[in-house]
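> Mind having a look at this structure? Questions to follow.
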Amino acid sequence: FSLPDGSIEYRKYCATCELFRPPRASHCSRCDNCVEEFDHHCPWLSNCIGRRNYRFFFLFILAVAVLADTVFAMDVAFLTCLALKEQRLWHETARDNVVAVLTAVVAFLAGLVMTGMTGYHVNCIRLNRTTAEQVK
């Protein structure tokens, strides 16, 4: 295809969709669609992440990372205050403590994964690459 500025743009043909794909587009076998600036198919959202929804996906993983990190920090603060206030870590009713510790562990693991994923996508944005392009 020739562009208005006189340059030539090469487009791949998608036999499944029966159309010429724009550059950086890929066909998702799970959704059976061609997606412009295809990043990846997210199994958690059951949706393709591409040009039209990448910013919302990024804001979503950023919000989940901030939430998990905040929950972890609040649990640590709760357990620390409890230990300082009562001079021991455990109540007579240990249920609150067990819930706080389990919540802190889950929040720490989720925060670790989501903060790492957010950092990865910040790097992808910085390099102007999609996940599919990074993998190749």
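> Among (1) under 22 Å from K12 (Cβ atoms); (2) open to solvent by less than 80 Å² (accessible area, probe 1.4 Å); (3) at pLDDT 85 or above, where does N33 come up short?
Result: N33 passes all but (2).
> Something else now. Criterion first (modelled with pLDDT under 85 and not hydroxyl-bearing (S, T, Y)) does E9 satisfy it? Explain how you work it out, then say what you get.
Values: modelled with pLDDT under 85: yes; not hydroxyl-bearing (S, T, Y): yes.
Judged against the criteria, E9 is a match.
> Of the residues A63, A73, which is out of contact with any Cys (no Cβ under 8 Å at 6 or more places or on another chain), surrounded by 13 or more Cβ atoms within 10 Å (Cβ to Cβ) and in a helix (DSSP H, G or I)?
On the way: A63 fails: surrounded by 13 or more Cβ atoms within 10 Å (Cβ to Cβ).
Only one candidate qualifies: A73.
Yes or no, residue by residue, for (1) within 20 Å of the chain's Cα centre (by Cα); (2) of a type in the set (V, I, T):
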{"residue": "Y10", "(1), (2)": "no, no"}
{"residue": "P23", "(1), (2)": "no, no"}
{"residue": "V35", "(1), (2)": "yes, yes"}
{"residue": "L45", "(1), (2)": "yes, no"}
{"residue": "F60", "(1), (2)": "yes, no"}
{"residue": "V76", "(1), (2)": "no, yes"}
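> Still on this structure, I have one more. Given the options C48, C31, name the one that is assigned to a loop (DSSP other than H, G, I, E, B) and under 27 Å from N128 (Cα atoms).
Unique residue meeting the criteria: C31.
> Only one of (1) buried (at least 16 other Cβ atoms within 10 Å of the Cβ); (2) modelled with pLDDT of 80 or more fails for L82. Which number is that?
It is condition (2) that L82 fails.
> With S46, S29 as the choices, which residue is free of Cβ contacts under 8 Å to residues at least 40 places away in the same chain and on the phi > 0 side of the Ramachandran plot?
Going through S46, S29 in turn, the sole match is S46.
> Continuing with the same structure: Report, ordered by the first and then the second residue, all pairs with beta carbons closer than 6 Å, sequence separation of six or more or different chains, a first member in the range 111-125 that is within 17 Å of T70 (Cβ to Cβ), and a second member that is open to solvent by 70 Å² or more (accessible area, probe 1.4 Å) and outside any helix (DSSP H, G or I).
none
The values are calculated or read from the model by the stated rules, or taken from the named source; none is laboratory data. Just so you know, these numbers come straight off a predicted model, no measurement behind them. Note that we place each Cβ from the backbone using ideal geometry, even for glycine, and neighbour counts take in every protein chain shown. Ligands, DNA and RNA are stripped out before the accessible areas are found, and what is left, the full protein with its side chains, is counted by its heavy atoms. Shrake-Rupley method; radii C 1.70, N 1.55, O 1.52, S 1.80 Å.
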